[in-house]
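The values are calculated or read from the model by the stated rules, or taken from the named source; none is laboratory data. Model, not experiment: these values are computed from the prediction. No Cβ is skipped: glycine too gets one built from the backbone with ideal geometry, and neighbour counts run over all protein chains shown.
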Amino acid sequence: MIKTTQLILLLFISALTGCGGKTSALLEKEFKEGKVKLTVSGNRSTSVEAWRVDLSVKAYNFKEGKLSFEIYAADLNDETVSFLWEDDNNCKITFIQRDGVKRTFHLIASPEQLQLAEVPVLS
């Protein structure tokens with residue numbers, strides 16, 4: 001009985017920790033000749049948990065701003081996080097989750113204003 005319980009516990013711990021996925025990630029991108037810097041940093045305890053993400057922006061003479069959220073992505077890298085500048089001041093930051101659902105954030109960065117917010121999904 002004890003050996004069976006120990007074996008089940010060992011298999012459970014191995015499943016949580018041995019999935020081979022990363023538990024930390026960092027993406028740094030600079031735009032507009034270094035005047036806008038975006039940083040995506042994420043951490044999770046195991047590869048099956050959600051990422052705890054900090055999306056930070058430092059632009060022009062504004063104080064650095066940050067949004068924190070959780071996301072269920074397989075990884076945080078150039079394939080799952082994209083930055084699309086629609087014009088000189090507007091950038092869409094998109095995260096692709098494990099189930100293929102996209103979460104998008106809108107950045108407005110100009111010398112006059114700095115705003116960062118998640119774009120709500122319309123049903």
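Tallying residues that are surrounded by 13 or more Cβ atoms within 10 Å (Cβ to Cβ) and in a strand (DSSP E or B) within the range 67-101 yields 14. Reported count of residues in the range 102-123, each being in a loop (DSSP other than H, G, I, E, B) and among the β-branched types (Val, Ile, Thr), is 2. Filter the range 102-117 down to the residues that are in contact (Cβ under 8 Å) with a residue 40 or more places away in the chain, within 19 Å of the chain's Cα centre (by Cα) and surrounded by 14 or more Cβ atoms within 10 Å (Cβ to Cβ) and list them by number. Those that are in contact (Cβ under 8 Å) with a residue 40 or more places away in the chain, within 19 Å of the chain's Cα centre (by Cα) and surrounded by 14 or more Cβ atoms within 10 Å (Cβ to Cβ): 105, 107, 116. Condition check: part of a strand (DSSP E or B) and modelled with pLDDT of 95 or more. Does residue 58 satisfy that? It is true that residue 58 is part of a strand (DSSP E or B) and modelled with pLDDT of 95 or more.
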